[in-house]
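Okay, so here's the structure we're looking at.
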Amino acid sequence: MFRNPFSFSGRIRRTEYGLSMIICFVINLFMQGIVGVAAESDAASALLILYLIMLVPYFWFIWAQGAKRCHDRGNSGWFQIIPFYGLWMLFAEGETGTNEYGNSPK
């Protein structure tokens, strides 16, 4: 679990995808706290720059985990841009056995 979390290749199970989304939610709360503090402090520009720097790995992680979950469903990683498909990936089972994206993560 969580092997190469920033890689776009391979497949992951629903559990890892769900935990990834929980981790992203917690990180998002932290980053929103930074923005809130930045709005009220004298060091606003420094904190906003920190926020922007943190956005790059944050989105990379979300997109990589989403692509791997799409691969487990037998779809291209581009399917994750479909509205509400992330919710479908959270509850739908992956393909059993080997598919074009690799072996089953089970």
Can you name every residue in the stretch 61-71 that is over 12 Å from F2 (Cα atoms) and in contact (Cβ under 8 Å) with a residue 60 or more places away in the chain? H71
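So that you can scan it fast, the table gives a plain yes or no per residue for (1) farther than 25 Å from S76 by Cβ; (2) touching a helix residue (DSSP H, G or I) at 6+ places or on another chain (Cβ under 8 Å):
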residue: F6; (1), (2): no, yes
residue: T15; (1), (2): no, no
residue: D42; (1), (2): yes, no
residue: L50; (1), (2): yes, yes
residue: Y58; (1), (2): no, yes
residue: F61; (1), (2): no, yes
For the stretch 1-18, the count of residues that are among the β-branched types (V, I, T) and either in contact (Cβ under 8 Å) with a residue 24 or more places away in the chain or in contact with a Leu (Cβ under 7 Å, 6 or more places away or on another chain) (or both) equals 1
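For (1) assigned to a helix (DSSP H, G or I); (2) surrounded by 15 or more Cβ atoms within 10 Å (Cβ to Cβ); (3) in contact with a Leu (Cβ under 6 Å, 6 or more places away or on another chain); (4) not hydrophobic (A, V, I, L, M, F, W, C), each residue gets a yes or a no:
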| site | (1), (2), (3), (4) |
| --- | --- |
| L48 | yes, no, no, no |
| L52 | yes, no, no, no |
| F61 | yes, yes, no, no |
| G66 | yes, yes, no, yes |
| C70 | yes, yes, no, no |
| G86 | yes, yes, no, yes |
| M89 | yes, yes, no, no |
So, in the stretch 17-33, how many residues would count as being small (G, A, S) and either within 24 Å of N75 (Cα to Cα) or loosely packed, with under 10 Cβ neighbours inside 10 Å (or both)? 2
State all residues of the stretch 34-46 that are part of a helix (DSSP H, G or I) and either loosely packed, with under 12 Cβ neighbours inside 10 Å or among the small types (G, A, S) (or both); if no residue qualifies, say none. G36, A38, A39, E40, A44, S45, A46
Determine which single condition T96 fails, assuming it passes every other condition in (1) surrounded by 16 or more Cβ atoms within 10 Å (Cβ to Cβ); (2) over 18 Å from the mean Cα position of the chain (by Cα). (1)
Scan G102, G36, G77 and give me the residue that is at negative phi and either in contact (Cβ under 8 Å) with a residue 24 or more places away in the chain or of a type in the set (D, E, K, R) (or both). G77
Residue among M21, M31 that is assigned to a helix (DSSP H, G or I), farther than 30 Å from E93 by Cα and in contact (Cβ under 8 Å) with a residue 24 or more places away in the chain: M31
Cβ-Cβ under 7 Å pairs, at least 6 apart or on other chains, the stretch 40-60 side touching a residue at least 12 places away in the same chain (Cβ under 8 Å) and closer than 24 Å to P5 by Cβ, far side of a type outside the set (K, R) and exposed (fewer than 11 other Cβ atoms within 10 Å of the Cβ): W60/F6
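Every number in this text was worked out from the coordinates using simple rules, so none of it is lab data. Keep in mind it's a predicted model, so treat the numbers as computed, not measured. Backbone-built Cβ (ideal geometry, glycine too); neighbour counts: all protein chains shown.
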